[in-house]
Amino acid sequence: MSALCIMKNVDGGAEANECRVAKRSRVFMRANMRVRGSTLEHPLSIKDISSTGLKARLEVSLFPGTHVEIDLRNIGWVAGEVVWVDSQGVVGVRFSVVIQPERTHSQVSGAYRPAPSMLAPQLRRL
């Protein structure tokens, strides 16, 4: 599998190489995160996800190298490491294991019926 490498601006205007081996999907989902070894959970908003990591916004400050666990819908707790942080509270996390990100998407099922026809209502004079 070949890696996709891009140049990314990080805090202070410096550029850093960012290489990805997995395709990312843009999503908006909520999850909980905790620092590994802690029971205190923090909400986060996941912006994109792949089989090897995610990008998310959270309200607590973390540093690159922090080991975390994220509770992903339909998967459970996944260990990872914060690899980058920006000044707006967005973090990049690399998972310790490969996941199937499509499992986190909501499944829609059921039978669909055609919408009722939009007939003009019958009006009567009283």
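A few notes on this one:
- Rg/Rh for segment 23-100, where both radii come from Cα atoms and Rh is the Kirkwood radius: 0.91
- Where trypsin sites (Lys or Arg not before Pro) fall in DSSP loop in segment 48-109, at most 14 other Cβ within 10 Å: R73
Rule-based calculations on the coordinates, nothing more; no lab input. Please read all numbers here as calculations on a predicted model, not as lab measurements. Here the Cβ is made from the backbone with ideal geometry for all residues, glycine too, and neighbour counts use every protein chain on show.
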